[in-house]
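**Student:** I am attaching a structure below and will ask some questions about it afterwards.
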Amino acid sequence: MTAGTPAETPADALAGTGTATDPAAQHDGVGTLRARRFWSARRNVAALAALVLGGAAGALLYEEIYIQSGHRAHAWRLRVADDLAHRHLDDHWVIAASAVACALGLWLLVLAATPGLRRLLPLAAVGTTGVRAALERRAAAAMLQRAAIEVPGVHDARATVGRRKAKVQAVVGFGDREEVRALLTELLARERKALGLVRPPMINVKIRGRSR
Amino acid sequence: MTARTAINRTLLALVGLVLLAGGALLLAGGLDLNHRWHLGLPADWTVTHPHHAVLTAAERTRWRGSPWWWPTVFAALTATTLLSLWWLLAQLSRGRTGEVTLPDTADVPVLLRGGTLAKAVADEAGRLPGVARARVRLLGGPRRPHARVALTLAPGAAPGPVLRDLSDGPLADARAATGLARLLADARVRVEPGPVSRVR
C-alpha cells in the first residue's frame with residue numbers, strides 16, 4: 001500500500017462510493033481527465049466479414065466467368081437461382097433468413113459504433129503527458145483482493161470488478177466482525193483511490209464468518 | 001483511433017447497414033408489413049407482395065440484353081472481391097512501425113528501426129520501481145509513431161505513480177533521443193499475481 005493518507009476519515013471511506021464526490025473524477029484544470037476509452041480495432045470481426053464477403057463475391061465472379069467462357073453453370077448456382085425463383089417471400093426459410101440478416105446487420109452496426117474492450121477501465125491521466133492508460137478489470141480485482149486480505153482478521157477474500165461496481169467477499173477469521181468490516185471498508189476505499197481510475201467502481205463489501 | 005480501426009468500423013457499419021436494410025425489406029415483404037402498417041412502399045415493388053418469389057428468373061435476366069449489364073456485373077464483383085481481399089489482408093499485419101524518421105535530420109535522412117526504439121523504451125520501463133514486466137510496440141507510420149505499452153505491475157504497486165514515472169522517464173527519453181515532438185503512448189496495465197504479505 002503506497003497511496004492514501006492515514007488521516008482520511010472513515011466517513012469518507014464509507015460514503016465515498018459515489019463518483020461525484022471523488023477528486024480523481026474531477027477536472028483539475030491541468031490534465032484532461034475525460035473517460036477516454038480504448039477503442040478496439042475489431043480485427044477479428046473485420047477479418048471474418050472480409051472473408052465471407054470476399055468468398056461470396058469471388059465465388060459469384062468465378063461462376064460468371066466460367067459460364068461466360070461457354071461452360072454450364074455449377075449445380076450450386078442452379079440451386080440458388082431455383083430457390084430464389086420458387087420460394088415466395090412468405091416462405092418460412094425466407095422469413096428466417098431475412099430475420100437473421102436483420103439481426104446480423106444490427107449486431108455489426110453495434111460493433112462498429114461501440115468501443116469494445118470492456119475489460120479495460122480508463123485510468124486518470126494525472127501528471128503525465130501524452131499517455132493514455134487503462135487498467136485491466138482483473139488487475140483491479142487483484143489489487144482490491146490484496147488490500148482486503150491484508151486487513152487484520154480477514155482470513156480470505158475474493159474480489160470481482162465490473163465496469164461500474166466491484167464486489168469484495170471477505171471471510172473473517174478472528175476478531176469482531178463489525179470492527180473488521182469498518183477497517184475493511186476504510187482500507188478498500190483507500191485502495192479504490194489508489195487504483196487511479198477515472199471512474200472508480202462502487203465497492204460492495206460482503207462479510208462471512210469462517211465455515212469451519 | 002488508428003486508421004485501421006476507423007476503416008474497419010466504417011466498413012463493418014456499411015456491411016451491417018446493407019444487411020439490415022436488405023433483411024428488413026425482405027421481412028417487410030414476407031410479413032406483408034407494407035399493407036398492415038401502411039409503410040408507404042411503392043406498390044409496384046414486387047418485394048412488397050408476400051406471394052411473390054424472392055427473385056424470379058425473369059427478374060434475374062431482365063437486363064441481360066443491355067450493353068451495360070455484363071461490364072457492370074463484372075466490375076462490381078471484381079471490386080467487391082478485391083476490396084474484401086485487401087480488407088482481410090489488412091487485418092493480418094500487426095501495424096508495427098518499421099522505421100522511424102528522425103525529424104531533426106532533414107539534410108541526411110536518418111531512419112531508426114521501430115523495434116530498436118521500442119526495445120529501448122521497454123528496457124527502461126522494465127526497470128522502473130513497481131514494474132515487473134514491460135512490453136512496448138511501436139505502431140503507426142514512420143513520422144508519427146505511437147507506442148503501445150503493456151505494463152505488468154509488481155504486487156502492491158499503484159498505477160498512478162508508475163504511469164508518472166513512465167511518462168517522465170522512458171517516454172520523455174525516447175522523445176528527447178529521437179526528437180519526435182509527439183510520441184503518444186497507450187498503456188495497458190495489469191498486475192502480477194503474487195503472494196500476499198499477511199499482517200496478523
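**Student:** Output yes when any residue across the stretch B:180-198 is surrounded by fewer than 20 Cβ atoms within 10 Å (Cβ to Cβ), among the small types (G, A, S) and farther than 23 Å from A:L197 by Cα, and no when none is.
**Tutor:** There is at least one residue in the stretch B:180-198 that is surrounded by fewer than 20 Cβ atoms within 10 Å (Cβ to Cβ), among the small types (G, A, S) and farther than 23 Å from A:L197 by Cα.
**Student:** Among the residues of the stretch A:171-212, which ones are modelled with pLDDT under 90, more than 30 Å from A:R37 (Cβ to Cβ) and of a type in the set (G, A, S)?
**Tutor:** Answer for the stretch A:171-212, where residues must be modelled with pLDDT under 90, more than 30 Å from A:R37 (Cβ to Cβ) and of a type in the set (G, A, S): A:G173, A:G175, A:G209, A:S211.
**Student:** Now for a different question. Restricting attention to the stretch B:41-69, and to residues there that are among the β-branched types (V, I, T) and over 39 Å from the mean Cα position of the chain (by Cα), which single residue is nearest to the other protein chains (Cβ to nearest Cβ)? Spell out the reasoning first.
**Tutor:** To start, the set of residues in the stretch B:41-69 that are among the β-branched types (V, I, T) comprises B:46-48, B:54, B:56, B:61.
The next check asks that each one be over 39 Å from the mean Cα position of the chain (by Cα); those that pass are B:46, B:56, B:61.
Working: B:T46: 9, B:T56: 5, B:T61: 10 Å.
The selected residue is B:T56.
**Student:** Of the numbered conditions (1) in contact with a helix residue (DSSP H, G or I) (Cβ under 8 Å, 6 or more places away or on another chain); (2) more than 11 Å from every other protein chain (Cβ to nearest Cβ), B:H38 fails exactly one; give the number of that condition.
**Tutor:** Looking at each condition in turn, B:H38 falls short on (1).
**Student:** Let me ask another. Go through (1) closer than 30 Å to A:F38 by Cα; (2) facing chain B (nearest Cβ under 7 Å); (3) assigned to a loop (DSSP other than H, G, I, E, B) for A:D90 and report which single condition fails.
**Tutor:** Here A:D90 clears every test but (1).
**Student:** Considering only the stretch B:92-111, I want to know if a residue exists there that is under 30 Å from A:R36 (Cβ atoms), surrounded by 15 or more Cβ atoms within 10 Å (Cβ to Cβ) and within 13 Å of chain A (Cβ to nearest Cβ).
**Tutor:** Looking only at the stretch B:92-111, we keep the residues that are under 30 Å from A:R36 (Cβ atoms), and these are B:92-103.
From the residues that got through so far, the ones that are surrounded by 15 or more Cβ atoms within 10 Å (Cβ to Cβ) too are B:95, B:97, B:99-102.
Restricting the remaining residues to those that are within 13 Å of chain A (Cβ to nearest Cβ) gives B:95.
Yes, some residue in the stretch B:92-111 is under 30 Å from A:R36 (Cβ atoms), surrounded by 15 or more Cβ atoms within 10 Å (Cβ to Cβ) and within 13 Å of chain A (Cβ to nearest Cβ).
**Student:** Quick check on this structure: which one of B:A174, B:A150 is farther than 15 Å from B:R113 by Cα and either of a type in the set (A, V, I, L, M, F, W, C) or facing another protein chain (nearest Cβ under 7 Å) (or both)? I'd like the intermediate steps shown before the answer.
**Tutor:** Values: B:A174 fails: farther than 15 Å from B:R113 by Cα.
Result of the check over B:A174, B:A150: B:A150.
**Student:** Given (1) free of Cβ contacts under 8 Å to residues at least 24 places away in the same chain; (2) at the interface with chain A (Cβ under 7 Å from one of its Cβ atoms); (3) buried (at least 16 other Cβ atoms within 10 Å of the Cβ), identify the lone condition not met by B:L17.
**Tutor:** Checking B:L17 against (1) free of Cβ contacts under 8 Å to residues at least 24 places away in the same chain; (2) at the interface with chain A (Cβ under 7 Å from one of its Cβ atoms); (3) buried (at least 16 other Cβ atoms within 10 Å of the Cβ), the one that fails is (3).
**Student:** Additional query: With the condition being among the charged types (D, E, K, R), I'd like the helices (runs of 4 or more DSSP H) fully within the stretch B:112-191 carrying at least 3 qualifying residues. First the steps, then the outcome.
**Tutor:** Numbers: elements: B:114-126, B:159-166, B:172-178.
Where helices (runs of 4 or more DSSP H) fall fully within the stretch B:112-191 and carry at least 3 residues being among the charged types (D, E, K, R), they are B:114-126.
**Student:** So if I check each of A:A97, A:A112, which one is facing chain B (nearest Cβ under 7 Å), at negative phi and in contact with a helix residue (DSSP H, G or I) (Cβ under 8 Å, 6 or more places away or on another chain)?
**Tutor:** Numbers: A:A97 fails: facing chain B (nearest Cβ under 7 Å).
Of A:A97, A:A112, the one residue that is facing chain B (nearest Cβ under 7 Å), at negative phi and in contact with a helix residue (DSSP H, G or I) (Cβ under 8 Å, 6 or more places away or on another chain) is A:A112.
**Student:** Turning to a different aspect of this structure: Give the residue that is modelled with the highest pLDDT, with candidates limited to residues of the stretch A:13-61 that are aliphatic (A, V, I, L, M) and over 30 Å from A:L108 (Cβ atoms). Give the derivation first.
**Tutor:** To start, the set of residues in the stretch A:13-61 that are aliphatic (A, V, I, L, M) comprises A:13-15, A:20, A:24-25, A:30, A:33, A:35, A:41, A:45-53, A:56-57, A:59-61.
With over 30 Å from A:L108 (Cβ atoms) added as a condition, the list becomes A:13-15, A:20, A:24-25, A:30, A:33.
Numbers: A:A13: 39, A:L14: 39, A:A15: 38, A:A20: 37, A:A24: 39, A:A25: 38, A:V30: 38, A:L33: 45.
My answer is A:L33.
**Student:** Could you please find all residues in the stretch A:79-121 being under 30 Å from A:A141 (Cα atoms) and among the basic types (K, R)?
**Tutor:** Hits for the stretch A:79-121 are A:R118, A:R119.
**Student:** Could you please let me know if A:G153 is over 28 Å from B:L151 (Cα atoms), free of Cβ contacts under 8 Å to residues at least 60 places away in the same chain and not basic (K, R)?
**Tutor:** Yes: the conditions hold for A:G153.
**Student:** May I pose another question? Within the stretch A:148-159, is there a residue that is acidic (D, E) and either more than 7 Å from chain B (Cβ to nearest Cβ) or crowded, with 20+ Cβ neighbours inside 10 Å (or both)? Give the steps one after another, and end with the answer.
**Tutor:** Here is the first cut: in the stretch A:148-159, the residues acidic (D, E) are A:150, A:156.
Applying the additional criterion that residues be either more than 7 Å from chain B (Cβ to nearest Cβ) or crowded, with 20+ Cβ neighbours inside 10 Å (or both) yields A:156.
Looking through the stretch A:148-159, at least one residue is acidic (D, E) and either more than 7 Å from chain B (Cβ to nearest Cβ) or crowded, with 20+ Cβ neighbours inside 10 Å (or both).
The values are calculated or read from the model by the stated rules, or taken from the named source; none is laboratory data. Since this is a predicted model, take the numbers as computed values, not measurements. Neighbour counts are summed over all protein chains in view; Cβ atoms, including those assigned to glycine, are modelled from backbone coordinates with ideal geometry.
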